[in-house]
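See below for the structure under consideration.
The values are calculated or read from the model by the stated rules, or taken from the named source; none is laboratory data. Quick caveat: nothing in here was measured; it's all calculated off a predicted structure. Cβ sites come from the backbone with ideal geometry, for glycine too, and all protein chains shown count toward neighbours.
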């Protein structure tokens, strides 16, 4: 305490009590102003801990879909794509796909497409009932059993297909035209008429 009293005595020797009071008031006012306008006067803020009141979500029942609601029609482009991908599509529609492949120089794919058209026609006519994994030779045998007239053109078509796809034989315009002729003969043999197989 004696040292503290000596310190205050030296301070009051330099600064008068009235001036000391003014300094204390000024410092107090400055601190109060800074506290009042905080944090506008500083570029950073001290972290403040705030308590967030929990919010309770109200439970709501989902609305059931009304019966009899009409579905939007599928786009025309999507319908067209399904038509080309469907193996049951009529041959006249799929024929344009084979012709397009041939026009692009993709003769091997065009030949395969023409054979698919023919198999689809035979299936619709009830001549064959192919199952997954059935080979081209088995299809020819099954079709020729009930329709002997189908044997020559169908044997030639399946043979040409096997040579190109399994024998890796190059396909060109001539092979595609030959496949077109043989598949046309198969369709002609399917048409009812004098001398047609029954």
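Tabulated data
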item: Filter pass, residue 103 being without any contact (Cβ under 8 Å) to a residue 12 or more places away in the chain and surrounded by fewer than 19 Cβ atoms within 10 Å (Cβ to Cβ); result: yes
item: Residue within segment 169-177 that is out of contact with any strand residue (DSSP E or B) (no Cβ under 8 Å at 6 or more places or on another chain), buried (at least 19 other Cβ atoms within 10 Å of the Cβ) and assigned to a helix (DSSP H, G or I) present; result: yes
item: Residue that is at pLDDT 90 or above and either outside the structural domain of residue 179 (by TED's automatic domain parsing) or not in a helix (DSSP H, G or I) (or both), where the choices are 159, 105, 133; result: 105
item: Condition met for residue 145 (farther than 18 Å from residue 180 by Cβ and at pLDDT 90 or above); result: no
item: Residue within segment 138-154 that is assigned to a helix (DSSP H, G or I), under 18 Å from residue 98 (Cα atoms) and in the same structural domain as residue 100 (by TED's automatic domain parsing) present; result: yes
